[in-house]
Each structure stands twice: as structure tokens, then as C-alpha cells.
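The values are calculated or read from the model by the stated rules, or taken from the named source; none is laboratory data. Nothing here was measured: the structure is a model prediction, and the numbers come from that model. Reconstructed Cβ throughout: ideal geometry from the backbone, glycine too, with neighbour counts over all protein chains shown.
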Amino acid sequence: MVVVSPEKFPDPEVDAPVPAQNGEATAVLAGGCFWCVEAVYKQLDGVRSVVSGYAGGSAESADYQKVSSGRTGHAEAVEIRFDPSKVRIPLGDLLRERRAEADR
């Protein structure tokens with residue numbers, strides 16, 4: 001595993017512009033412990049919901065204890081539904097900023 005300090009986290013190569021009108025966007029992120037990722041994004045203005053779950057693996061082994069073993073093929077993930085016009089930050093920058101905040 002490579003650990004990168006927040007100030008060295010790379011800029012996105014491609015990023016979507018911030019929309020001018022209200023709407024809804026969805027991002028699904030897998031980033032280690034979903035509880036930690038969920039807690040950070042729930043605090044943002046414009047975030048409508050954050051739902052934790054699993055990506056990959058089989059439904060039969062999608063159990064916290066089994067997934068924590070690291071042998072099920074799952075990643076802990078969160079689905080974030082948000083209004084990009086209220087977040088007002090391009091998604092790539094948002095990811096980088098939340099990473100820096102979570103690492104503090």
C-alpha cells in the first residue's frame with residue numbers, strides 16, 4: 001500500500017465543471033473504512049444522502065465480519081447523492097479536499 005500525504009495528493013486529470021443549476025449527482029467511492037468516509041461527506045452542504053455498503057464480492061459474503069477478513073473480494077464503499085450546484089466544487093477537487101480533511 002502506498003500512503004500519500006494530503007498535500008501531495010494528485011490533481012485530477014479530467015474533472016467535470018460545476019453545474020449552474022440544481023440537480024442531483026451520484027458518486028460511489030471505496031476508500032477503506034466506509035464509516036470514516038461516510039462521516040466526512042455527511043457534513044457537506046448539498047449532500048442529500050450517504051449510504052454505506054459493499055462493492056465487489058458476492059452477496060452471500062457481504063457481511064461486515066467476513067469482509068473485514070480481507071478475503072471476500074469486497075471493498076467497503078459509500079454512495080453519495082448530492083446537488084453539485086450546492087457543493088460548488090468540481091468533483092476531483094472535492095475528493096482531494098475531503099481526503100486532506102479525513103487525514104487531519
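Looking at segment 57-84 only, could you name the residues that are free of Cβ contacts under 8 Å to residues at least 24 places away in the same chain and not in a loop (DSSP other than H, G, I, E, B)?
Step one: list which residues in segment 57-84 are free of Cβ contacts under 8 Å to residues at least 24 places away in the same chain, which gives 57-74.
Within segment 57-84, ALA59, GLU60, SER61, TYR64, GLN65, LYS66, VAL67, SER68, HIS74 meet the criteria.
Suppose we keep only residues that are at pLDDT below 85 and surrounded by 17 or more Cβ atoms within 10 Å (Cβ to Cβ) within segment 53-88. Which one would you say is farthest from ALA25 (Cα to Cα)?
VAL67
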